[in-house]
Amino acid sequence: MSLTRTPAFAVLGIALLAFCCFLGQRPLLGKPGDARDADRTAINAVLKAQQAAWNRGDVEAFLVGYWHSPELTFSGSNGVSRGWDGVRARYKKNYPDRTTMGELDFSDLEFRFLGPSAALVLGQWHLKRETAGDIGGVFTLVWQKFPDGWKIIHDHTSTVVSP
């Protein structure tokens, strides 16, 4: 059967089927109004809790947002820290007191959902500090959804020097 003799509704049906298949293959990019609003809200709640914990000088509460596992990883300018204990030690070493910690702010968050239980979040961070000087940079967080909620399973944070 040639395409020129195929009834118009059959061609339309094939085109519609192809379009639906295309939509089914597209990744979820985390655009506002999509089905991932609840997940985005949950991840934002973790980030807000981390920011609040940091700003009161509570590193232990800040770390609640991370996967408490030896498989957790953190990459930064000083290399890779492995495991929850390693990430904790890194934070305690680099931010030994409230003054060094400063006031944390997250901004410009971008969400990309990689599946039903995985997300990538890009953003910027800034520390306002009285004595040590302000610093900031960018981060990429890989999140996984566990029975007890969303947790960071990998953190890549970089400092960006202002021009």
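The values are calculated or read from the model by the stated rules, or taken from the named source; none is laboratory data. Bear in mind that the values here come from a model prediction, so they are computed numbers and not experimental data. Heads up, the Cβs are rebuilt from the backbone with ideal geometry, glycines too, and the neighbour counts pull from every protein chain shown.
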**Asked** Do you know which of the residues in segment 148-159 that are part of a strand (DSSP E or B) and farther than 16 Å from THR73 by Cβ is nearest to the chain's Cα centre (by Cα)?
**Response** TRP150
**Item:** Near pairs, Cβ below 8 angstrom, 6+ apart or cross-chain, from segment 74-86 (at pLDDT 95 or above) to any residue that is of a type in the set (S, T, N, Q) and assigned to a loop (DSSP other than H, G, I, E, B)
**Value:** GLY83/SER69; TRP84/SER69
**Request:** For GLY123, indicate whether it is surrounded by 12 or more Cβ atoms within 10 Å (Cβ to Cβ), out of contact with any Pro (no Cβ under 6 Å at 6 or more places or on another chain) and either of a type in the set (A, V, I, L, M) or modelled with pLDDT of 95 or more (or both).
**Result:** yes
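So for segment 96-105 (the condition being out of contact with any Ser or Thr (no Cβ under 7 Å at 6 or more places or on another chain), among the hydrophobic types (A, V, I, L, M, F, W, C) and touching a residue at least 40 places away in the same chain (Cβ under 8 Å)), does at least one residue qualify?
At the first step, the residues of segment 96-105 found to be out of contact with any Ser or Thr (no Cβ under 7 Å at 6 or more places or on another chain) are 96-98, 100-105.
From what's left, among the hydrophobic types (A, V, I, L, M, F, W, C): 101, 104.
If we keep only those that are touching a residue at least 40 places away in the same chain (Cβ under 8 Å) too, we end up with 101, 104.
Within segment 96-105 (the criterion being out of contact with any Ser or Thr (no Cβ under 7 Å at 6 or more places or on another chain), among the hydrophobic types (A, V, I, L, M, F, W, C) and touching a residue at least 40 places away in the same chain (Cβ under 8 Å)), the answer is yes, since at least one residue qualifies.
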**Message:** Testing ALA132 on (1) more than 20 Å from ARG82 (Cα to Cα); (2) at pLDDT 95 or above, one condition comes back false. Which one is that?
**Reply:** (2)
**Prompt:** In segment 60-95, how many residues are β-branched (Val, Ile, Thr) and crowded, with 16+ Cβ neighbours inside 10 Å?
**Reply:** 2
**Message:** I need every pair where a residue in segment 140-163 that is surrounded by 15 or more Cβ atoms within 10 Å (Cβ to Cβ) has its Cβ under 6 Å from the Cβ of a residue that is in a loop (DSSP other than H, G, I, E, B) and not polar (S, T, N, Q), sequence separation at least 6 or different chains.
**Reply:** LYS151/TRP67; ILE153/TRP67
**Asked** Would you call LYS145 modelled with pLDDT of 95 or more and more than 15 Å from the chain's Cα centre (by Cα)?
**Response** no
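Just checking, does segment 57-75 include any residue being β-branched (Val, Ile, Thr), out of contact with any helix residue (DSSP H, G or I) (no Cβ under 6 Å at 6 or more places or on another chain) and farther than 21 Å from GLY149 by Cβ?
So far as segment 57-75 goes, no, none of its residues is β-branched (Val, Ile, Thr), out of contact with any helix residue (DSSP H, G or I) (no Cβ under 6 Å at 6 or more places or on another chain) and farther than 21 Å from GLY149 by Cβ.
Residues that are more than 16 Å from HIS156 (Cα to Cα), in contact with a strand residue (DSSP E or B) (Cβ under 7 Å, 6 or more places away or on another chain) and among the hydrophobic types (A, V, I, L, M, F, W, C), at least 3 per element: which strands (runs of 3 or more DSSP E) completely within segment 45-144 meet that? I'd like the intermediate steps shown before the answer.
Working: elements: 73-76, 79-82, 103-115, 118-128.
Passing ranges, in order: 103-115.
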**Item:** Search result, residues across segment 134-149 that are under 16 Å from GLU110 (Cα atoms) and of a type in the set (A, V, I, L, M, F, W, C)
**Value:** VAL138, PHE139, LEU141, VAL142, TRP143
**Request:** Go through (1) closer than 17 Å to SER107 by Cβ; (2) within 18 Å of the chain's Cα centre (by Cα); (3) not aromatic (Phe, Trp, Tyr) and name the single condition ASN55 misses.
**Result:** (2)
